[in-house]
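Enquirer: One structure, pasted below without further comment.
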Amino acid sequence: MDKKELVAVMRRLAIEAGAAIMEIYGGEDLEVRAKGDESPVTAADEAADELIARGLREAFPDLPLVTEEQPDSHAQEAKTFLIVDPLDGTKEFVKRRGEFTVNIAYVENGMPRHGVVYAPAKGRLFYTLAEGGAVEETGAHDSARTGQTRPLRVAAPDNSALRVVASKSHRDAATDAYIARYRVAELKSAGSSLKFCLVASGEADLYPRLGRTMEWDTAAGHAVLAAAGGRVVRFDDLSPLTYGKPGFENPFFIAYAPGVELIAGT
């Protein structure tokens, strides 16, 4: 695996998919349909998925590919694979809130090692580097040319005044009760995998998720956060969150900057 090629391909495809999404986002009718699990899907999900899946299969034909919009791919068993959520935050997309992302990740031996998270409506692009570390790229986000970047690094938390980020569309009483166990200086809501990136960039310290997620929802953001010095652990026993689980379904988890004095879930 040529990691430089991997990062370059994932970055390019994320930007191209973001452009396809924004073309539909700018239209008058965001037609929403229900999938078999009752989750929403739009033409933007499908257009982005087709573009990304084709590009990844052409570039890396020997790697298994798991993508949200292709149910047949969910039956695979693999520990090293590519995983995609072509439009994470469909509810945010439909409500035109802008907090949706394109997520592409590479999982190696059960851990997300490389990933890109692109929020086209917000103009924010985060990704891991081949040589290690993670960056946010600023500017126009040209798929053919890399712009200026700034390194990402988690903050040094103050446990007497934590900055917490939680889901905008999936926040519930259990999440609020867990957050209340900490001393919180600031509580913000964000959509999609942007929450991981806010911790990675030092804009937040803690992101607990007490709700159902799938590995394609989290792998890219997890990779970016880990490369920036952060961690993601299971909510129940605080062990590392791993990938390639049956059905690619996650348990509850906590993403955080080291230094946060975690409270285990019950």
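Enquirer: So in the range 102-127, with the set limited to residues that are among the aromatic types (Phe, Trp, Tyr) and over 25 Å from Arg171 (Cα atoms), which one is surrounded by the fewest Cβ atoms within 10 Å (Cβ to Cβ)?
Expert: Checking each candidate, the answer is Tyr106.
Yes/no matrix, rows are residues, columns are (1) in contact with a helix residue (DSSP H, G or I) (Cβ under 7 Å, 6 or more places away or on another chain); (2) surrounded by 21 or more Cβ atoms within 10 Å (Cβ to Cβ); (3) modelled with pLDDT of 95 or more:
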{"position": "Val165", "(1), (2), (3)": "yes, yes, yes"}
{"position": "Ser169", "(1), (2), (3)": "yes, no, no"}
{"position": "Ala177", "(1), (2), (3)": "no, no, no"}
{"position": "Val184", "(1), (2), (3)": "no, no, yes"}
{"position": "Lys188", "(1), (2), (3)": "no, no, no"}
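Enquirer: Also, I was wondering about something else. Among all residue pairs at least 6 apart or on different chains, which show Cβ distances below 9 Å where the first residue, located in the range 229-245, is within 19 Å of Gly211 (Cβ to Cβ) and the second is surrounded by fewer than 16 Cβ atoms within 10 Å (Cβ to Cβ) and small (Gly, Ala, Ser)?
Expert: Listed pairs, sorted by first residue: Val233/Ser239; Phe235/Ala264; Asp236/Ala264; Asp237/Ala264; Leu238/Ala264; Thr242/Gly110; Tyr243/Gly110; Lys245/Gly110.
Enquirer: Being under 20 Å from Arg96 (Cβ atoms) and not in a loop (DSSP other than H, G, I, E, B) is the filter here, so list the residues in the range 165-192 that pass it.
Expert: Pass one, the range 165-192, residues under 20 Å from Arg96 (Cβ atoms): 167-171, 188-192.
Across the range 165-192, the qualifying residues are Ser167, Lys188, Ser189, Ala190.
Enquirer: If I ask for residues that are assigned to a helix (DSSP H, G or I) and either buried (at least 18 other Cβ atoms within 10 Å of the Cβ) or charged (D, E, K, R) (or both), which ones from the range 227-257 would you list?
Expert: Of everything in the range 227-257, those that are assigned to a helix (DSSP H, G or I) and either buried (at least 18 other Cβ atoms within 10 Å of the Cβ) or charged (D, E, K, R) (or both) turn out to be Ala227, Phe248.
Enquirer: Mind listing whichever residues of the range 119-171 are in contact with a Leu (Cβ under 7 Å, 6 or more places away or on another chain), on the phi < 0 side of the Ramachandran plot and not hydrophobic (A, V, I, L, M, F, W, C)?
Expert: Glu136, Glu137
Enquirer: If you don't mind, there's one more thing I want to ask. Among the residues of the range 199-226, how many are assigned to a loop (DSSP other than H, G, I, E, B) and of a type in the set (Lys, Arg)?
Expert: Number of matching residues: 1.
Enquirer: Can I ask one more? Of the numbered conditions (1) surrounded by 17 or more Cβ atoms within 10 Å (Cβ to Cβ); (2) farther than 27 Å from Glu23 by Cβ; (3) of a type in the set (Ser, Thr, Tyr), Thr80 satisfies every one except a single condition; which is it?
Expert: With (1) surrounded by 17 or more Cβ atoms within 10 Å (Cβ to Cβ); (2) farther than 27 Å from Glu23 by Cβ; (3) of a type in the set (Ser, Thr, Tyr) applied to Thr80, the lone miss is (1).
Enquirer: Identify all residues within the range 176-193 that are charged (D, E, K, R) and in contact (Cβ under 8 Å) with a residue 40 or more places away in the chain; write none if there are none.
Expert: Arg181
Enquirer: Failed condition for Phe196, given (1) touching a residue at least 60 places away in the same chain (Cβ under 8 Å); (2) in a loop (DSSP other than H, G, I, E, B); (3) under 18 Å from His170 (Cβ atoms), with all others met?
Expert: Condition not satisfied by Phe196: (2).
Enquirer: If the requirement is being free of Cβ contacts under 8 Å to residues at least 40 places away in the same chain and crowded, with 16+ Cβ neighbours inside 10 Å, which of these qualifies: Glu69, Glu58, Glu99, Glu92?
Expert: Going through Glu69, Glu58, Glu99, Glu92 in turn, the sole match is Glu69.
Enquirer: Taking Lys195 and the conditions (1) touching a Pro at 6+ places or on another chain (Cβ under 9 Å); (2) surrounded by 14 or more Cβ atoms within 10 Å (Cβ to Cβ); (3) of a type in the set (D, E, K, R), which numbered condition does it fall short on, given that it satisfies the others?
Expert: Of everything listed in (1) touching a Pro at 6+ places or on another chain (Cβ under 9 Å); (2) surrounded by 14 or more Cβ atoms within 10 Å (Cβ to Cβ); (3) of a type in the set (D, E, K, R), Lys195 misses just condition (1).
Enquirer: Going by the conditions given, is Glu69 in contact with a Gly (Cβ under 9 Å, 6 or more places away or on another chain) and among the charged types (D, E, K, R)?
Expert: When the stated conditions are applied, Glu69 does not pass them.
Enquirer: Further, regarding this structure: Give just the number: which of (1) under 18 Å from Ala19 (Cβ atoms); (2) in contact (Cβ under 8 Å) with a residue 12 or more places away in the chain; (3) out of contact with any Ser or Thr (no Cβ under 7 Å at 6 or more places or on another chain); (4) of a type outside the set (Asp, Glu) does Gly139 not satisfy?
Expert: (2)
The values are calculated or read from the model by the stated rules, or taken from the named source; none is laboratory data. Being a predicted model, the structure only gives us computed values, none of them experimental. In this analysis, Cβ positions are derived from the backbone assuming ideal geometry, glycine residues included, and neighbour counts consider all displayed protein chains.
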